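**Q** This is the structure I want to talk about, given as structure tokens.
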There are 2 protein chains.
Amino acid sequence: MLTRELISNRLIELQGSICAALENADGKERFIEDNWKREGGGGGKSRIIRHGNIIEKGGVNFSAVHGVLPESIRESLKVQEKVFFAAGISIVMHPHSPHMPIMHMNVRYFELSNGQYWFGGGIDLTPHYVVEEEAKWFHGELKKTCDRFDAAYYPKFKAWADDYFFIPHRNETRGIGGIFFDHLSSESQEGKQKLFDFIIAVGETFAPVYTKLMKQKKDLPFNESQKEWQLLRRGRYVEFNLIYDKGTRFGLETSGRTESILMSLPETASWYYDFTPTAGSEEEKTLRLLKRGIHWI
Amino acid sequence: MLTRELISNRLIELQGSICAALENADGKERFIEDNWKREGGGGGKSRIIRHGNIIEKGGVNFSAVHGVLPESIRESLKVQEKVFFAAGISIVMHPHSPHMPIMHMNVRYFELSNGQYWFGGGIDLTPHYVVEEEAKWFHGELKKTCDRFDAAYYPKFKAWADDYFFIPHRNETRGIGGIFFDHLSSESQEGKQKLFDFIIAVGETFAPVYTKLMKQKKDLPFNESQKEWQLLRRGRYVEFNLIYDKGTRFGLETSGRTESILMSLPETASWYYDFTPTAGSEEEKTLRLLKRGIHWI
């Protein structure tokens, strides 16, 4: 049977293998490790990298927390049960180079004291410059992982990501999307195990995809104005995470560990008043491609 | 009688005099002017300054909007009426120097189609380094403005600002506070006029206070690590505005003009993982003073 302990241990193992792969591809810095306890119950292990060759700031967080759900969260989840357990991994990588995308992954298990449970997660890519071939390849890799479990997953979870990673006040997607899913559960133990295998497979997709991009992009030159554009795009990333991201809100409202939750924010971000890219520029092209409903595959 | 037109005109006049005073004190750049219309009704005049001698990025926004209140806003305001009018001025100034504080001011008039109305507003100061004498002086200036109208205003609105400009997930105030008030109304026309005079007086407090600080601070030298600290403090400012600020939320949820709402964000901000100032440093002292309930006067 899939116990909380088994789930947590497998997630910690996944965290370790992802960090090892990223360190190897970065070739300079190593992840520091920060163990923390949550006052209301549980805790986590944050692993943080800073000022690597390729990665400017990144985090691979594991947490397994339990306790009482605040009223606001119960309302938004539409559940009565007060006592919860949640375990998961969250990753965000912010690279130095504007040619290298930001990438995010999260997988999680959520359980209520009445036994109700579900899995959720997602992977999405936020290029500072959208490259169409790369977007196709990225979505293809996610589709491969999904198809190993259910051919219906990719189209459904791709559309879900388009809706989720959207910034209404900018009328822009956060990046080129990916997959997003939530509330996956099953009546049987076998079904539960299969769902858990799926989220682990999603987690295992992160490192090969990102390290491949690291290798491809690490020597591409960039100039000052491309760097400025990157900082502006990071500003949008900050807006999404602080205003709309449910995981961030859930964490802050359940008195999660602030530094681990906000490790998703870049080392530096910018906001210029009413910045508009030049017509015909790569920046303008990127904005045109930050839309929902693009079928990359 | 105090019509919407009279209110709007007086606010635009206030906007003009504040911009003129700030330009004069800055001595380099001038405010650009951006007139915009809101799809749902109304519009505004944003005035923006960038890369002045002292001010790195600042905005003095006027808006007068009307239309239908979204459900979410009606719920949070606990009102049934759907049609609203709102006029106000919002200012945020982000200086180059870490020795110069960020300052914010907002005054607003809100009216529902059933005639129900109220005034709201506030001023608060966010020093990157808290200087106790300056905090005392700042609060003294606000008290003087309040006392001209009602001796009960300052203590009440000061406590309100402590509660409002608070970042729960950091257990820090945004800065040294100031005054904050909302839902001020009166049964009589005379009372309404007096409340309007009060918000104009609050608005008129901004320029003399901020330009005095500009003159005092403009030649103070600073080093690289003080600049880094400033960017980290700006990160907290971004967190407050995007997660908690009701004006920002109201604006984004009523499809306000995004660029005018988010002019409050600094040109650049930073986040380092788990940054802790050295014991005994000026930075640590500042953190100790970013608490609610400090009686500066």
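**Q** Just need a number here: residues in region B:230-285 that are free of Cβ contacts under 8 Å to residues at least 40 places away in the same chain, under 21 Å from B:Val131 (Cα atoms) and of a type in the set (D, E, K, R).
**A** 1
**Q** For region B:70-169, which fully contained helices (runs of 4 or more DSSP H) count at least 3 residues that are open to solvent by 10 Å² or more (accessible area, probe 1.4 Å) and under 26 Å from B:Gly59 (Cα atoms)?
**A** Fully inside region B:70-169 and qualifying: B:132-147, B:153-164.
**Q** Name the single residue, out of those in region B:1-42 being in a strand (DSSP E or B) and more than 20 Å from B:Leu112 (Cβ to Cβ), that is farthest from the other protein chains (Cβ to nearest Cβ). Walk me through how you get there before you give the answer.
**A** Going through region B:1-42, the residues in a strand (DSSP E or B) turn out to be B:32-37, B:42.
Within this subset, residues satisfying the condition of being more than 20 Å from B:Leu112 (Cβ to Cβ) are B:32-37.
Numbers: B:Ile32: 8, B:Glu33: 12, B:Asp34: 7, B:Asn35: 13, B:Trp36: 10, B:Lys37: 15 Å.
If we take residues in region B:1-42 being in a strand (DSSP E or B) and more than 20 Å from B:Leu112 (Cβ to Cβ), then B:Lys37 is farthest from the other protein chains (Cβ to nearest Cβ).
**Q** What number goes with the only condition from (1) assigned to a helix (DSSP H, G or I); (2) in contact with a strand residue (DSSP E or B) (Cβ under 7 Å, 6 or more places away or on another chain) that B:Arg292 does not pass?
**A** Just one mismatch for B:Arg292, condition (1).
**Q** Which residues, counting only those in region B:267-282, are within 10 Å of chain A (Cβ to nearest Cβ), in a loop (DSSP other than H, G, I, E, B) and surrounded by 14 or more Cβ atoms within 10 Å (Cβ to Cβ)?
**A** B:Glu267, B:Trp271, B:Tyr272, B:Tyr273, B:Asp274
**Q** If you take the residues in region A:148-178 that are touching a helix residue (DSSP H, G or I) at 6+ places or on another chain (Cβ under 6 Å) and among the aliphatic types (A, V, I, L, M), which one is nearest to A:Trp296 (Cα to Cα)? Break it down into steps so the answer makes sense when it comes.
**A** Taking region A:148-178 as the starting set, the residues that turn out to be touching a helix residue (DSSP H, G or I) at 6+ places or on another chain (Cβ under 6 Å) are A:149, A:153-154, A:167, A:169, A:174, A:176-178.
Now narrow it down to the ones that are among the aliphatic types (A, V, I, L, M): A:167, A:176.
Working: A:Ile167: 20, A:Ile176: 9 Å.
Among residues in region A:148-178 that are touching a helix residue (DSSP H, G or I) at 6+ places or on another chain (Cβ under 6 Å) and among the aliphatic types (A, V, I, L, M), the one nearest to A:Trp296 (Cα to Cα) is A:Ile176.
**Q** Within region A:89-104, can you find the residues that are touching a Phe, Trp or Tyr at 6+ places or on another chain (Cβ under 8 Å) and either without any contact (Cβ under 8 Å) to a residue 40 or more places away in the chain or farther than 19 Å from A:Leu290 by Cα (or both)?
**A** A:Ile89, A:Ile91, A:Met93, A:Ser97
**Q** Something else about it: If a residue must be more than 19 Å from the chain's Cα centre (by Cα), more than 22 Å from B:Thr268 (Cβ to Cβ) and open to solvent by 30 Å² or more (accessible area, probe 1.4 Å), how many such residues does region A:283-295 contain?
**A** 6
**Q** When region B:53-66 is examined, which residues are found to be open to solvent by 10 Å² or more (accessible area, probe 1.4 Å) and of a type outside the set (D, E, K, R)?
**A** Once the filter is applied, which keeps residues that are open to solvent by 10 Å² or more (accessible area, probe 1.4 Å) and of a type outside the set (D, E, K, R), region B:53-66 yields B:Asn53, B:Ile54, B:Asn61, B:Phe62, B:Ser63, B:Ala64, B:Val65, B:His66.
**Q** Here are the criteria: (1) at negative phi; (2) within 15 Å of the chain's Cα centre (by Cα). Tell me which single one B:Gly191 does not satisfy.
**A** Exception for B:Gly191: condition (2).
**Q** Moving to a separate point now. Taking region B:155-173 on its own, how many of its residues are within 14 Å of chain A (Cβ to nearest Cβ) and on the phi < 0 side of the Ramachandran plot? Give the derivation first.
**A** Of the residues in region B:155-173, the ones within 14 Å of chain A (Cβ to nearest Cβ) are B:166-172.
Narrowing further to those that are on the phi < 0 side of the Ramachandran plot: B:166-170, B:172.
The qualifying residues number 6.
**Q** Is region A:39-47 home to any residue that is without any contact (Cβ under 8 Å) to a residue 60 or more places away in the chain and under 27 Å from A:Arg233 (Cα atoms)?
**A** yes
**Q** Go through (1) touching a helix residue (DSSP H, G or I) at 6+ places or on another chain (Cβ under 8 Å); (2) modelled with pLDDT of 95 or more; (3) open to solvent by 60 Å² or more (accessible area, probe 1.4 Å); (4) basic (Lys, Arg) for A:Lys45 and report which single condition fails.
**A** In the conditions (1) touching a helix residue (DSSP H, G or I) at 6+ places or on another chain (Cβ under 8 Å); (2) modelled with pLDDT of 95 or more; (3) open to solvent by 60 Å² or more (accessible area, probe 1.4 Å); (4) basic (Lys, Arg), A:Lys45 misses (3) alone.
**Q** Okay, moving on. Considering region A:46-69 alone, what residues qualify as being within 14 Å of chain B (Cβ to nearest Cβ) and either over 20 Å from A:Pro98 (Cβ atoms) or assigned to a strand (DSSP E or B) (or both)? Steps first, please.
**A** As a first pass, look at region A:46-69 and keep what is within 14 Å of chain B (Cβ to nearest Cβ): A:46-52, A:55-61.
Scanning region A:46-69 gives A:Ser46, A:Arg47, A:Ile48, A:Ile49, A:Arg50, A:Ile55, A:Glu56, A:Lys57, A:Gly58, A:Gly59, A:Val60, A:Asn61.
**Q** Test A:Arg50 against the criterion of being open to solvent by 70 Å² or more (accessible area, probe 1.4 Å) and either of a type in the set (S, T, N, Q) or farther than 30 Å from A:Glu81 by Cβ (or both), and give yes or no. Full working, then the answer.
**A** Values: open to solvent by 70 Å² or more (accessible area, probe 1.4 Å): yes; either of a type in the set (S, T, N, Q) or farther than 30 Å from A:Glu81 by Cβ (or both): yes.
When the stated conditions are applied, A:Arg50 passes them.
**Q** Pairs under 8 Å by beta carbon, first residue farther than 19 Å from A:Phe110 by Cα in region A:7-20, partner buried (at least 18 other Cβ atoms within 10 Å of the Cβ) and among the charged types (D, E, K, R), six or more apart or different chains?
**A** If the second residue must be buried (at least 18 other Cβ atoms within 10 Å of the Cβ) and among the charged types (D, E, K, R), the pairs left are A:Cys19/A:Arg47.
**Q** Quick check on region B:192-213. Is at least one of its residues open to solvent by 40 Å² or more (accessible area, probe 1.4 Å) and under 30 Å from B:Gly235 (Cβ atoms)? If you could, list the steps in order and put the result at the bottom.
**A** First, pick out the residues of region B:192-213 that are open to solvent by 40 Å² or more (accessible area, probe 1.4 Å): B:193-194, B:197, B:204, B:208, B:212.
Those still in the list that are under 30 Å from B:Gly235 (Cβ atoms) too: B:208, B:212.
Scanning region B:192-213 turns up at least one residue that is open to solvent by 40 Å² or more (accessible area, probe 1.4 Å) and under 30 Å from B:Gly235 (Cβ atoms).
**Q** Could you grab me the full set of residues in region B:217-266 that are part of a loop (DSSP other than H, G, I, E, B) and either open to solvent by less than 30 Å² (accessible area, probe 1.4 Å) or at the interface with chain A (Cβ under 10 Å from one of its Cβ atoms) (or both)?
**A** Applying the first criterion (part of a loop (DSSP other than H, G, I, E, B)) to region B:217-266 yields B:218-223, B:245, B:254-257, B:265-266.
Result: B:Asp245, B:Thr254, B:Ser255, B:Gly256, B:Arg257, B:Leu265, B:Pro266.
**Q** Got a sec? Which of B:Ser46, B:Ser97 is of a type outside the set (D, E, K, R) and out of contact with any Ser or Thr (no Cβ under 8 Å at 6 or more places or on another chain)? First the steps, then the outcome.
**A** Numbers: B:Ser46 fails: out of contact with any Ser or Thr (no Cβ under 8 Å at 6 or more places or on another chain).
Only one candidate qualifies: B:Ser97.
The values are calculated or read from the model by the stated rules, or taken from the named source; none is laboratory data. Please read these numbers as outputs of a predicted model, since none were measured by experiment. So basically every Cβ, Gly included, is an ideal-geometry build from the backbone, and we count neighbours across all protein chains shown. Note: accessible area is taken over every heavy atom of the protein model, side chains too, but ligands, DNA and RNA are not part of it. Shrake-Rupley method; radii C 1.70, N 1.55, O 1.52, S 1.80 Å.
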